[in-house]
1. Inspect region 279-293 for any residue being at pLDDT below 90 and within 19 Å of the chain's Cα centre (by Cα) and give the result as yes or no.
2. Given the options Gly290, Gly277, Gly226, Gly250, name the one that is surrounded by fewer than 20 Cβ atoms within 10 Å (Cβ to Cβ) and not in a helix (DSSP H, G or I).
3. List every residue pair whose Cβ atoms lie under 7 Å apart, where the two residues are 6 or more positions apart in sequence or sit on different chains, the first residue falls within region 69-91 and is closer than 14 Å to Ala318 by Cα, and the second residue, located anywhere, is β-branched (Val, Ile, Thr) and part of a helix (DSSP H, G or I).
4. Given (1) of a type outside the set (Gly, Ala, Ser); (2) modelled with pLDDT under 80; (3) assigned to a helix (DSSP H, G or I), where does Phe265 come up short, assuming only one miss?
5. Out of all the residues in region 90-107, which are surrounded by fewer than 19 Cβ atoms within 10 Å (Cβ to Cβ) and either assigned to a helix (DSSP H, G or I) or modelled with pLDDT of 80 or more (or both)?
6. State which residue is farthest from the chain's Cα centre (by Cα) when the search covers only region 33-48 and only residues that are in contact (Cβ under 8 Å) with a residue 60 or more places away in the chain and exposed (fewer than 14 other Cβ atoms within 10 Å of the Cβ).
7. When only residues in region 1-21 that are more than 24 Å from the chain's Cα centre (by Cα) and among the hydrophobic types (A, V, I, L, M, F, W, C) count, which is modelled with the highest pLDDT?
8. May I ask you to list the residues in region 65-89 that are of a type in the set (S, T, N, Q) and not in a helix (DSSP H, G or I)?
Amino acid sequence: MIMTKFYKRLFGLLFFVVLISVGVIYFTVDINTVTNLTMFQPWAIGLAFVSLAIGLLFDGLRLVHMVGISHGKISLKQTMPVVFGNYFLALITPGATGGALAQLLFLRRAGVATGMATVFVVVRTLMSIVFLLCCLPIIFYHDTALLTQLAGQTIVSALVGLVGLTLVLVLAVRMPWVRRLLKRFGFRISRTRRHMLFQVYRDIRSAVQLLRSAPKMVFVIFIESGISLLALYGVVPALFLGMNVDFDLGSVIGRMVLLNLLLYFAPTPGGSGIAEGGFVLLFNEFLPSGMVGIVAVAWRFIVEYVPFFVGFYFTIKAFGEDFMNAKQKAAEAKKKSS
């Protein structure tokens, strides 16, 4: 019964993904598509997978170093199920909410205590988002066409302010007055929401304390996060090279940063639909006629769906038919640890 429900959700997702992919290709192809496809160089696919592998490798390395900050130990091999499991559960849950639970499940399986595993998941997400936010001022200054209604300097000033505000808010969780403020606000909302609010507060506070304990290693992890993300985004330029098109590498990577930052807040499972639509909107001018939809689907397949199926393998191998129960137990353990 448990697996039946799980597989229904899985096959429903796959049908949704195929439907979106077919729709994106159908509405973007034209008479030039077949001609352009015959000019594509197959070696670019290999280059794209190399870029993907580098991104996943550094994603695992930063997790090794995160655990090391807390005087724990996890091997690079043990991080791979965490990384791939994140892709798997993120894609089958609305708003990619399952990705955090997948990381928690596999970290616990690797011997990391539930409380610390929760902190590592928060740190991992914060590192990625902060890195992307730090990139935004440079991106918009370099590619002002993204926001044609604003001047380049105005964009830079606004986004530098956004990055600064984000850092201030993260650091503010250590201040006693923040807790007092949350307590006052908590009495005005329901008990369930109050519990969730304080759980998020405690997780972020613990994450900040962990980061402050080893600033040099945090810097290393931040750089590894950047390398991981940029390597994953490098799949798109690799595909562009296969079509022998002229493009500005900074603009392409910059638009991928913007798109993926938006996907953190996408309500659909794994950002499906929004990712493909955003890609078509952002990269239509870079590609030969009739190719943008095909490249969008190829990008999603390489960067999301290949890791998704690897994550599916790791998850079923690790938890078997008790997978859905393990997911529920992890959620309950996280709730109790807070």
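1. yes
2. Values: Gly277 fails: not in a helix (DSSP H, G or I); Gly226 fails: not in a helix (DSSP H, G or I); Gly250 fails: not in a helix (DSSP H, G or I).
Going through Gly290, Gly277, Gly226, Gly250 in turn, the sole match is Gly290.
3. These pairs meet every condition: Thr79/Val64; Phe84/Val310; Gly85/Thr315; Phe88/Thr315.
4. (3)
5. Here is the first cut: in region 90-107, the ones surrounded by fewer than 19 Cβ atoms within 10 Å (Cβ to Cβ) are 94-95, 97.
Within region 90-107, Pro94, Gly95 qualify.
6. Narrowing region 33-48 to residues in contact (Cβ under 8 Å) with a residue 60 or more places away in the chain: 33, 36-37, 39-45, 47-48.
Still in the list and also exposed (fewer than 14 other Cβ atoms within 10 Å of the Cβ): 39, 41-43.
Details: Met39: 32, Gln41: 29, Pro42: 27, Trp43: 27 Å.
Out of the qualifying residues, it is Met39.
7. Applying the filter and picking the extreme gives Met3.
8. Pass one, region 65-89, residues of a type in the set (S, T, N, Q): 70, 75, 78-79, 86.
Of everything in region 65-89, those that are of a type in the set (S, T, N, Q) and not in a helix (DSSP H, G or I) turn out to be Ser70, Ser75.
The values are calculated or read from the model by the stated rules, or taken from the named source; none is laboratory data. Keep in mind the model is a prediction, meaning the values are calculated, not measured. Positions of Cβ are generated from backbone atoms using ideal geometry, with glycine treated the same way; all protein chains shown enter the neighbour counts.
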